[in-house]
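The values are calculated or read from the model by the stated rules, or taken from the named source; none is laboratory data. All of these numbers come straight from a predicted model, not from anything done at the bench. Neighbour counts are summed over all protein chains in view; Cβ atoms, including those assigned to glycine, are modelled from backbone coordinates with ideal geometry.
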Ligand SMILES: [Zn+2]
Ligand SMILES: [Zn+2]
C-alpha cells in the first residue's frame, strides 16, 4: 500500500496526504527524474547519470569513444578533433549504459544537442531595448487578471518578438545547463511513440507559472490611465517596450536555444519541433519545480537538514514530476535526500494518518519576513504555514 495519496486541500490545491500513521525515518516516496542536467562548471567531475562527484579528479568514462567519434565525424561532416564531448562523462560503464537505455534512439540526438550548444555558446552582445511608455492610440485594453486574455496576449507577444530569433542577450553557463535540461525534456517527448504514455506527459501535471511570473514582473504604472491593463493589439516596438526585462531574458534564451538547435551546422542533426509554446511550457514549469542536485555529504548534520550545507556544491538540476505534490512548509515533516539520480523522501518526525506531507523549498533559516518574501518571489505564494503564522503574530 502506498503511504501517500494525492488529495486536494481547499486553498492549497493538490497535495500528498498520509494514508496511514508513518513513523519517523520512513522512506515515504522515491521519485525518478524526467530529466536532469549537470551544472556547467562541474561537468568534468560529475557523472552525467548518477551525479557521483569525483572532485578533484575527473570522471573517467567518456560518453563517446574514439570509434564513435570516427562514425559521428563521417555522419555529421565534422572533423573528429572537434567532437570532444568534454562535458559528458560517467563514473562507470554501467551509468553510461543506463543513460543510453533511457534515451534509446535519442542518444545520438542528445550528443548533437551537446555539440551544438558547445559550438554556439559564446557571449553575444546586447540588442538595445525599447523603453516605454510609447504614445498609444488603442481603444481596447485587456485586464491582466483575466487569465485567458493575458495568456493570448503573451502568446502573441512571443510570436511577434521571437519569430526572427533575433533577441540577443549574454548567455551564461547556467543558461547553457538550462538549455540542456529543456532539450532533454523534449527528447523524452520524442522518444515515445505513444505520446499519451510518454513520460513527458508527467511534466504537464506540474503547474505552469508563466502568468503569475508575468504579473510579478510587469510594471503596471507604465500607463497610469490603464493600471493592470495591456493594450490589445501591439506592434513589435510596443511589445518590446512593455515586456519586463526578466521576460526578455527568457525570450533571448529561447532565441539562443532555437537558433542553436535548428540552424544548419554541417550535417549535425537538428532538434525538430521547438516552438516557443513548447519551450515556455517547459521553462515556466521547470523554473519553480526543479530540484537542485547537491554534492552528497558524509556529515550527518548536513544530511538531516536535507543534505544542503554551505560547503557543498550544486552539481545540477532535475525535474521530478511525482514530487510536485509535496507542498511547502517552513516546518516540514518530510526531508528529501538524493540517492544517485533518484530523490528519496523521508519523514523527519511521525506523521499522522490524514496529515499532509510537506517539504521545505530551499533554506528556511531566514526570519519570517525574508522567508515569505523569497517564497513569494520564486514560487509565487504567500506562505501560510503554522510556523509563519505564529512568527508573524509574535512580530506584530
Ligand atoms: Zn555514475
Ligand atoms: Zn512558512
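Residue under question is residue 325, and the condition is that it be within 16 Å of ligand 2 (Cβ to nearest atom), within 19 Å of residue 6 (Cβ to Cβ) and assigned to a loop (DSSP other than H, G, I, E, B); does it hold? Considered against the rule, which asks whether it is within 16 Å of ligand 2 (Cβ to nearest atom), within 19 Å of residue 6 (Cβ to Cβ) and assigned to a loop (DSSP other than H, G, I, E, B), residue 325 comes out as no.
Is it true that residue 376 is surrounded by fewer than 11 Cβ atoms within 10 Å (Cβ to Cβ), under 25 Å from the mean Cα position of the chain (by Cα) and either closer than 26 Å to residue 27 by Cα or more than 16 Å from ligand 1 (Cβ to nearest atom) (or both)? No; evaluated as a whole, the condition is false for this residue. In region 368-394, which residue that is within 11 Å of ligand 2 (Cβ to nearest atom) and not in a helix (DSSP H, G or I) is nearest to residue 333 (Cα to Cα)? If we take residues in region 368-394 being within 11 Å of ligand 2 (Cβ to nearest atom) and not in a helix (DSSP H, G or I), then 385 is nearest to residue 333 (Cα to Cα). Evaluated against (1) free of Cβ contacts under 8 Å to residues at least 12 places away in the same chain; (2) assigned to a loop (DSSP other than H, G, I, E, B); (3) more than 18 Å from residue 295 (Cα to Cα), residue 8 falls short on exactly one condition, (2). The number of residues in region 54-71 that are over 30 Å from the mean Cα position of the chain (by Cα) and either in contact (Cβ under 8 Å) with a residue 40 or more places away in the chain or surrounded by 13 or more Cβ atoms within 10 Å (Cβ to Cβ) (or both) comes to 3. Taken together, the criteria exclude residue 312 from residues that are at pLDDT below 95, out of contact with any strand residue (DSSP E or B) (no Cβ under 9 Å at 6 or more places or on another chain), away from ligand 1 (no atom under 16 Å from the Cβ) and part of a loop (DSSP other than H, G, I, E, B). Kindly evaluate residue 261 against the criterion of being surrounded by 19 or more Cβ atoms within 10 Å (Cβ to Cβ), within 26 Å of residue 76 (Cβ to Cβ) and modelled with pLDDT of 90 or more. Here the answer is yes, as residue 261 does meet what is asked. Inspect region 19-29 for any residue being free of Cβ contacts under 8 Å to residues at least 24 places away in the same chain and more than 16 Å from ligand 2 (Cβ to nearest atom) and give the result as yes or no. Scanning region 19-29, I find no residue that is free of Cβ contacts under 8 Å to residues at least 24 places away in the same chain and more than 16 Å from ligand 2 (Cβ to nearest atom), so the answer is no. Scanning region 137-189 for residues that are without any contact (Cβ under 8 Å) to a residue 60 or more places away in the chain and assigned to a loop (DSSP other than H, G, I, E, B) returns 137, 139, 146, 163, 164, 170, 172.
Say whether the condition of being closer than 21 Å to residue 287 by Cα, in contact with a strand residue (DSSP E or B) (Cβ under 8 Å, 6 or more places away or on another chain) and surrounded by fewer than 18 Cβ atoms within 10 Å (Cβ to Cβ) is met by at least one residue in region 40-51. Scanning region 40-51, I find no residue that is closer than 21 Å to residue 287 by Cα, in contact with a strand residue (DSSP E or B) (Cβ under 8 Å, 6 or more places away or on another chain) and surrounded by fewer than 18 Cβ atoms within 10 Å (Cβ to Cβ), so the answer is no.
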